[in-house]
Every structure is written in structure tokens, then in C-alpha cells.
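I have placed the structure first, in the form of C-alpha cells, so that the comments after it can refer back to it.
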Amino acid sequence: MTDLTSLTLAEDRDGLAKKSFTSLELTNAHLDAIQAARALNAFVMETPDQARAMAREADASITKGQGGPLAGIPLGIKDLFATRDVRTTACSKILANFVPTYESTITSQLWRDGAVMLGKLNNDEFAMGSSNETSCFGPVVNPWRRDGANTTLVPGGSSGGSASAVAALLCMGATATDTGGSIRQPAAFTATVGLKPTYGRCSRWGIAAFASSLDQAGPIARTVRDAAILMRSMAGHDPKDTTSADRDVPDYEAAIGKSVKGMRIGIPREYRLDGMPAEIEKLWSEGGAWLKSAGAELVEVSLPHTKYALPAYYIVAPAEASSNLARYDGVRYGLRVPGRSIGEMYENTRAEGFGDEVRRRVMIGTYVLSAGYYDAYYLRAQKVRTLIKRDFEDCFAKGVNALLTPATPSAAFGIGEKGGDPVEMYLNDIFTVTVNMAGLPGIAVPAGKDAQGLPLGLQLIGRPFDEETLFSLAEVLEQAAGRFTPTRWW
Ligand code: GLN
């Protein structure tokens, strides 16, 4: 029998329905793979007993012909999603012992549709980071290595565990979240597919909040089709999240293979950065050529406020984070470090519970929101945000269906390589934050490799709630580029 971990989610779904194998077999194959891949540090909690119980249940419902759309499919869950009775930490010491009594809306929808939980995946602490190095559980290792070298590379972040686990075939797909690029950047670094849906498409309920006006959950998957399958279960209106959109969930999979003929694809001039590696430049034009030969039309567009996106994001996101993280005070959740007074207890708890990057964000956020600085920083950043959104609206008004850009300014870098200057790390988000600032959907698709054999991704940005067009276009890129899997060394 073929190795059950090497199939796509779509193939597994069909194999399960035809009873070529059982979910228990599929689940066990993945549990074995997880055990053999502990060197990657992708999982922070393995739930094998629960996984097997869920798999047996899925097998029973498949036998009765009552399996849901994800019946028996083993998934990994980013540790930012609350899972009932299963420790959920956001990879922060402050939540090290937190066991939720409730389930996030997204994960409950996945279980409703029959999926199986393999465990919880590593991420940057409270999703703050681009390399998965800020996790209290330590860094995640990218299954990809440079040709002929054994330097350990980051998988990107903050959904580094999700990306690494999907790329290393430890789970069929994973949940992830994206506030400024945390689904798309790790997807690009690991040759996986990552979709950040339109703001409001997926419920945020039960996901540890980072920056609520930017946060959006989505899938990381092996293929574009797999991402579309997962999205159908993850999306939907949730009355418990007032920002969630009350719109029908389309059959995203039906968008795969749809013609892209006549679509207008914007190529934003401002994304051509000085000093951008030639390989990325080349990949970008190659991607354009693939879409063109599928019948799409390329148009050069301008997004004039792009250069302000990153600085504005690094005001808005920390501002919201400082407010969201105020709840971790040693009283309501997790860690408590005693002090002589309640004030001292707060201080001790937060000083010990939060890591450096989270503390930096809380301090920046508190500063930009404080009286006297609010207008100069926060209010201004919000105005810039409106202008960024308007840039995209102008493009769409001119008939542009989607935009094509690189996903990241470089391939994966080494663990510890960008430790010194936080701004150097923040620059990873240069092509992705605009999308969050504008609330738009964006997908990262593997598109090629650099000279050292590392994967590179392209990004497609869509109109609000038009994830379907992204899936159609992304599949064209995937067909042209092929699929990429790392050579196993772990
Ligand atoms: N890298 C960005 C940050 O550190 C984005 C993180 C995210 O999308 N969660 O804020």
C-alpha cells in the first residue's frame, strides 16, 4: 500500500469513501510520522488517544454512509485555537497550564464535519513573529534545507508549526491564523498553500486575540484543492463573533479548474523593491506568464500607499495587542506570580509570563495609544490604513479581478540569523501586511525554488469575499509550477 501520509487531502477523502483504507489507518500513519519528526518541534501537544477515538467514530459514520465532508481526515491545530479539555497556550508561558472549557468555532466546525485532531501546533508567542522563534516551546524547524547543507532553517511564522507539519506530511492540513502574514509567509517558506480569507469570513471566536481588526484564520494545506476543501468547513457566520460576515459559504472546491480566461490580473508596480533578489523577480514574471497562457490578462497597477503599510501595521497591531493582552493579569488565566500587593502580582506575572517580543509589542502599543501620542501615531496609522484600502478599491474598480505579487522578499532563513534587529524581522511582512490592513483575501502558492533549492511562493490578492477566484488562479499556478516536497532527513 502507498504510504498513507503522502496523499493529498482530496485523495484521502476519496480513498476513505471507497474504503480503500480506514481513518484509523490514516490517523495511525500520521501519528507515527509525528513521532518520527519530533526534531522539527512542530507539535507542542500530541493527542493520540483523542485522535484514535475520533478516527474510530469517523470510520463508523463512513460505514453508515453518514460521513461529513472531512470525515476521518487527520488535522493539526495551531495552539492559538481553544480546544476543549486540551491545553491551549498560544505558545506563551502565561498560558502554560490553560485548559479551555470551550471549543473555538472553527475547530468545532471541523469536528462537526468529521475531521480528526492529531494535536496542537507550535506558533510564535501570541502569533507575534515571522520565524516561530518567539514560542515558549522553542523554535520550529523547517523540513526544507539548502542543497547540500544542514543548517536548520525557520519555517516562517507565526504559523510555523502548521506549515512545517503540513510540509513534512505530519498532518493532512492545519489551521493557522494571519494578522500580517502568518499564514502566507510560512506557507511560502515551506512550499505549502496558505489562504488568509477576507476579514469576517471565518469566526475569530475562541482564538487567542492578537490584533482583532486584522486577525483572520485560514488553512495551510498541501494543495490548492485541499485548502479549498478545508475552507468550506472553516468559513461561516458566527453570532458569537460580531465581525463575522453573515454570508453563504460557497463550494470553494468547485472553483478549482474553472477557466480564468479574460480575468484581469494586476501587477502592482510598488511591489518591485530595490534590492529584491533576482530569483524572486524572475518567479514573479514567470507566474504572470503562466496566468497569461491560461487566458488571463496582465495589467500594471499602482498601489501608491504601499510603502506606508508596514510602519502603519506596526502601530495598529501592537496597539490592539496591548489592549487584548491586558486580560492576562494572573487572575483570570494561567500563570500567577505572587507579589506583596495586587499591583506587584500583575507586574510579576506579566514580566515572567510574556516573552521579549510580546513585551515589546505591549510597550509600543501602550505608548502609541497614550494621551499625547494617540493622534500622532494611532490615529494617523488608521488614516493610512484607509488609504491603503482605497488603493486596492481603485484597482478593483478598474476591473482588476486579482493581483499577483511575490509572497515574501526572500526564502527561508536560518534559525537565529535574524535575532538582532526586530525591524529586520518585520520586513518579512512587506508583501503581506497590506492585505490585512485592507481586509482582503490572499493566498500563497508554491511557485518555484531558489538557487539553493529552497521553495519560494507567489501571492494572489482578491476582492473581498472572492476567495473562489483566488482558488481558480492559484490552481493554474500550481499546475504550472508542480508540487514540491522536502527530502526527508529527520
Ligand atoms: N509577522 C507579523 C507580526 O509579527 C505577522 C504575524 C501574524 O500574522 N500573526 O506581527
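Just so you know, all these numbers are worked out from the coordinates, no wet-lab data involved. Not measured: the values here are computed from a predicted model. Cβ sites come from the backbone with ideal geometry, for glycine too, and all protein chains shown count toward neighbours.
What FRET efficiency, computed as 1/(1 + (r/R0)^6) with R0 = 41 Å and r the Cβ-Cβ distance, is obtained for Ala289 and Ala376, rounded to the nearest 0.05? Given R0 = 41 Å and the Cβ-Cβ separation, E is 0.35. In the chain the Cα-Cα distances spread across 10 Å bins starting at 0 as 4, 21, 33, 27, 12, 3, 0, 0 percent of all pairs. Remark: the Thr63-Arg488 segment gains 149.5 nm on full extension, using 0.36 nm per residue and subtracting the alpha carbon distance. Specify whether the C-alpha gyration tensor of segment 154-272 places it in the rounded, prolate or oblate class, a ≥ b ≥ c being the square roots of the eigenvalues: rounded for a/c under 1.5, otherwise prolate if a/b is larger than b/c and oblate if not. Rounded shape, in that the Cα axes give a/c under 1.5.
In this structure the amide hydrogen of Thr408, modeled in the peptide plane, comes within under 5 Å of the amide hydrogens of Gly457, none closer than 5 places in sequence on its chain. From most to least packed by mean Cβ count within 10 Å, the peptides 150-157, 59-66 give 150-157, 59-66. Per-residue extension of 0.36 nm, minus the Cα-Cα distance of Ser6 and Val423, leaves a gain of 146.3 nm for this segment.
This model, with +1 at the C-beta of Lys and Arg and -1 at the C-beta of Asp and Glu, gives segment 274-373 a dipole about its Cα centre of some 560 debye.
Taking trypsin sites (Lys or Arg not before Pro) across segment 387-476, the ones in a DSSP loop with at most 13 further Cβ atoms lying within 10 angstrom of their Cβ are Lys398. Pair-distance distribution P(r) for segment 318-366, from all Cα-Cα distances in 5 Å bins starting at 0: 5, 24, 28, 25, 14, 3 percent.
Pairs with C-alpha atoms separated by more than 25 Å, drawn from the list Lys258/Lys398; Lys261/Lys449; Lys120/Lys240; Lys78/Lys196, are Lys261/Lys449. With the highest mean first, a sort of the peptides 88-99, 171-182 on other beta-carbon atoms found within 10 angstrom per residue produces 171-182, 88-99.
The magnitude of the dipole of segment 257-304, with charges of +1 and -1 set on the Cβ of Lys/Arg and Asp/Glu and taken from the Cα centre, is near 320 debye.
Across the alpha-carbon set of segment 272-399, the Rg to Rh ratio works out to 1.19, Rh being the Kirkwood radius.
Counting other Cβ atoms within 10 Å, keep those with at most 16, restrict to DSSP loop, and tell me which trypsin sites (Lys or Arg not before Pro) in segment 237-317 are left. Sparse-neighbourhood loop trypsin sites (Lys or Arg not before Pro): Lys240, Arg247, Lys258, Lys261, Arg272. Of Arg327, Arg463, Arg225, the sequence from fewest to most neighbouring Cβ atoms within 10 angstrom is Arg327, Arg463, Arg225. Taking the DSSP beta bridges with both ends in the chain, the antiparallel portion is around 70 percent.
Taking the charge dipole of segment 16-66 about its Cα centre, with +1 at Lys and Arg Cβ atoms and -1 at Asp and Glu Cβ atoms, the residue from Val44, Leu16, Ala29 reaching farthest to the positive side is Leu16. Dividing the summed -39500 (n - 2.57) terms of all DSSP H runs of n ≥ 4 by the residue count of the chain sets its mean residue ellipticity at 222 nm at -11000 deg cm²/dmol.
With a Förster radius of 30 Å applied to the C-beta separation of Lys398 and Arg272, the computed FRET efficiency comes to 0.95. Considering only Cys171, Ser158, Ala60, and ranking their Cα positions along the charge dipole of segment 42-187 that arises from unit charges at the beta-carbon of Lys, Arg, Asp and Glu, the one farthest toward the positive end is Ala60. Given their separation in residues at 0.36 nm each and the Cα-Cα distance between them, Asp32 and Ser20 gain 2.4 nm when the chain is fully extended. Listed from fewest to most Cβ neighbours within 10 Å, the set Ile461, Ile342, Ile364, Ile220 follows the order Ile342, Ile364, Ile461, Ile220. Rounded, prolate or oblate: which fits segment 342-411 when a ≥ b ≥ c are the square roots of the eigenvalues of the alpha-carbon gyration tensor, with rounded for a/c under 1.5 and prolate only if a/b beats b/c? Judged from the Cα gyration tensor, segment 342-411 comes out oblate (a/c at least 1.5, b/c at or above a/b). Near the amide H of Val299, within less than 5 Å, lie the amide hydrogens of Ile265, Gly266, Ile267, all on another chain or at least 5 residues away, with H placed in the peptide plane.
Taking square-rooted eigenvalues a ≥ b ≥ c of the alpha carbon gyration tensor, is segment 395-490 rounded, prolate or oblate, where a/c under 1.5 means rounded and, failing that, a/b exceeding b/c means prolate? Oblate shape, in that a/c is at least 1.5 and b/c is the bigger or equal ratio. Entry for segment 202-361 at q = 0.14 Å⁻¹: log10 I(q)/I(0) = -1.06, Debye formula applied to identical alpha-carbon scatterers, no solvent contribution.
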